[in-house]
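Report on the structure given below.
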Amino acid sequence: MSSICVIGTGYVGLVTGTCFADLGNEVTCLDIDAAKIEGLKKGILPIYEPGLEEIVRRNYEAGRLCFTTSYTEAVPNAEFIFIAVGTPQGEDGSADLTYVEQAASQIAKHLAGHTIIINKSTVPIGTGDLVAGIVDRSLNGNRSTATFSVVSNPEFLKEGSAIQDFQHPDRVVLGSTNRQAAEQVAELYAPLSAPVIITDLRTAEMIKYASNAILATRISFINEIAQMCEALSADVKVVAEGMGYDKRIGPQFLQAGIGYGGSCFPKDVKALAHMAEQSNLHPQLLLAVMDINYDARRFFVQKIERTLGSVANRVIGVWGLAFKPNTDDMREAASVDIISLLVRKGAIVQVYDPVAMKTAQRVLPGAVTFCKDPYECADNADAVLLLTEWNEFKQLDMERVKGLMKKPVLLDGRNLYEPAEMGKLNFNYHSVGRPAVK
Ligand code: UGA
């Protein structure tokens, strides 16, 4: 059993802290946001993540998990301190390290004995050295006898399946100048029986960016193929399936649609491209990946316009707002760009999402109407758009939907439905990279 402090109670910090507590460790989650911490103490989670609430409650009640805003309380007794704070995007695409720097200086002020500081936030290559420098200078300035090592331990959790991803990782990556410190962190993960890679700080940091970049590249690749499939009357879903059986290619992250969103891919691809440019390199592939991703949203709006003639004064229902299913996260959601464009072009937009209605209200244009269910959202609509592939939308009574709509026009941005079935139901059905049914 180890004593762990996790700084930051966002997706990464809260899932990491809670799951380590569930493995039997003593974990303190620290956040400077007092309202978040008060909520957590009452069992109110600041995020929606399936299964997390139950594990938080169980470990909190067992006394293995506690919450605080106080570095004085959390840092001195911790053997391991994970930094899992946000790294928002700076104006030029670089990652903003303000929160990481603040956490590092606060940790340094309260360190006692020997502590391993672990960076879990996605940080530009070189940040491990930066954190070490901040802590080192602060300890020297205070004539402290405390000692520390820095380890980079990037996370590979997906929102919506973060607990499963923590408990069954494909690999654990640890980078450090101190191999022994990395091995001690590896011990924390030992119960999960995953392959462990121990390397230097910068290589570990690059593994994180390169992993997200290749996944984003696969999505943009299949979206480019989808464009060609549309032009040449092929079916991208079957193309991806046919490619995916090749073990060298694999089936994952080849779903064509309206592109990637969320708090990671858009920011990380941009930050990696920025780092390349800072090094006088020309990251052509990453720049194309970003362009194609933006185009996927634009092309979808063009498809709506082609189908309806014009969108001005047309009633458009939108099913799904979150950047992907099983989350209420609206960061960089394709729905925001698509809806904003439609509203600007004069469309009357009504929306529904099973979970993200509250978060969506903060980011969608004021003119949008929020509906209580998918049927109300389809009521009187000239077209319905499917933008997030929630399970709930697979089970709908499509005859009822058709009866409610002004015209049975369905534009599926995630290829959730089967064209043949939609044809049988007499929908005018358009998806991405597959033949339309009219
Ligand atoms: C992503 C990575 O998958 C995680 O491994 C990583 O830890 C995380 O970023 C991070 O850096 O923190 P996440 O952003 O939660 O996780 O979501 P994904 O499931 O990867 O989906 C990202 C976006 O790509 C979504 O908008 C999704 O709809 C889209 N997507 C995904 C596609 O358009 N097609 C696909 O085939 C797969």
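Filtering region 289-341 down to residues that are of a type in the set (Val, Ile, Thr) and farther than 19 Å from residue 436 by Cβ, which residue is surrounded by the most Cβ atoms within 10 Å (Cβ to Cβ)?
My answer is 318.
So if I check each of 248, 179, which one is under 29 Å from residue 80 (Cβ atoms), free of Cβ contacts under 8 Å to residues at least 24 places away in the same chain and not acidic (Asp, Glu)?
Only one candidate passes the filter, namely 179.
Looking at region 52-66, is at least one residue within 16 Å of the ligand (Cβ to nearest atom) and either closer than 15 Å to residue 162 by Cβ or without any contact (Cβ under 8 Å) to a residue 12 or more places away in the chain (or both)?
So far as region 52-66 goes, yes, one or more of its residues are within 16 Å of the ligand (Cβ to nearest atom) and either closer than 15 Å to residue 162 by Cβ or without any contact (Cβ under 8 Å) to a residue 12 or more places away in the chain (or both).
Could you figure out which of (1) farther than 22 Å from residue 392 by Cα; (2) hydrophobic (A, V, I, L, M, F, W, C); (3) crowded, with 21+ Cβ neighbours inside 10 Å; (4) without any contact (Cβ under 8 Å) to a residue 40 or more places away in the chain isn't true of residue 272?
Exception for residue 272: condition (4).
Please work out if residue 5 is buried (at least 23 other Cβ atoms within 10 Å of the Cβ) and modelled with pLDDT of 95 or more.
The answer is yes for residue 5.
Does at least one position in region 136-156 carry a residue that is more than 29 Å from residue 323 (Cα to Cα), surrounded by 14 or more Cβ atoms within 10 Å (Cβ to Cβ), touching a Lys or Arg at 6+ places or on another chain (Cβ under 7 Å) and touching a residue at least 12 places away in the same chain (Cβ under 8 Å)?
For region 136-156, residues more than 29 Å from residue 323 (Cα to Cα), surrounded by 14 or more Cβ atoms within 10 Å (Cβ to Cβ), touching a Lys or Arg at 6+ places or on another chain (Cβ under 7 Å) and touching a residue at least 12 places away in the same chain (Cβ under 8 Å): present.
I need the full set of residues from region 148-192 which are at pLDDT below 95 and in contact with a strand residue (DSSP E or B) (Cβ under 9 Å, 6 or more places away or on another chain), in order please.
Selection gives 177 alone.
Scanning region 116-170 for residues that are hydrophobic (A, V, I, L, M, F, W, C) and within 16 Å of the ligand (Cβ to nearest atom), which turns out nearest to the chain's Cα centre (by Cα)?
157
Please find, among 16, 72, the residue that is without any contact (Cβ under 8 Å) to a residue 60 or more places away in the chain, of a type in the set (Ser, Thr, Tyr) and out of contact with any Leu (no Cβ under 7 Å at 6 or more places or on another chain).
72
Only residues that are within 31 Å of the chain's Cα centre (by Cα), in contact (Cβ under 8 Å) with a residue 12 or more places away in the chain and away from the ligand (no atom under 14 Å from the Cβ): list them for region 411-421, please.
411, 417, 419
Identify the residue in region 101-128 that is among the aliphatic types (A, V, I, L, M) and out of contact with any helix residue (DSSP H, G or I) (no Cβ under 8 Å at 6 or more places or on another chain) and, among all such residues, is modelled with the highest pLDDT.
103
Which one of these is within 20 Å of residue 128 (Cα to Cα) and not in a helix (DSSP H, G or I): 198, 207?
From the options 198, 207, the qualifying one is 198.
Which residues, taken from region 38-77, are among the β-branched types (Val, Ile, Thr) and closer than 17 Å to residue 10 by Cα?
44, 47, 55, 56, 68, 69
For region 225-270, enumerate the residues that are in a loop (DSSP other than H, G, I, E, B), within 11 Å of residue 433 (Cα to Cα) and more than 9 Å from the ligand (Cβ to nearest atom).
233, 234, 235
Report yes if residue 368 is at pLDDT 95 or above, within 25 Å of residue 47 (Cα to Cα) and touching a helix residue (DSSP H, G or I) at 6+ places or on another chain (Cβ under 7 Å), otherwise no.
Against the criterion (at pLDDT 95 or above, within 25 Å of residue 47 (Cα to Cα) and touching a helix residue (DSSP H, G or I) at 6+ places or on another chain (Cβ under 7 Å)), residue 368 qualifies.
Any idea which residue in region 380-410 is surrounded by the most Cβ atoms within 10 Å (Cβ to Cβ), counting only those that are within 16 Å of the ligand (Cβ to nearest atom) and in a strand (DSSP E or B)?
Selected residue: 385.
The values are calculated or read from the model by the stated rules, or taken from the named source; none is laboratory data. Everything numeric here is computed off the predicted structure, so don't read it as measured data. Neighbour counts run over all protein chains shown; Cβ positions are idealised from the backbone, glycine included.
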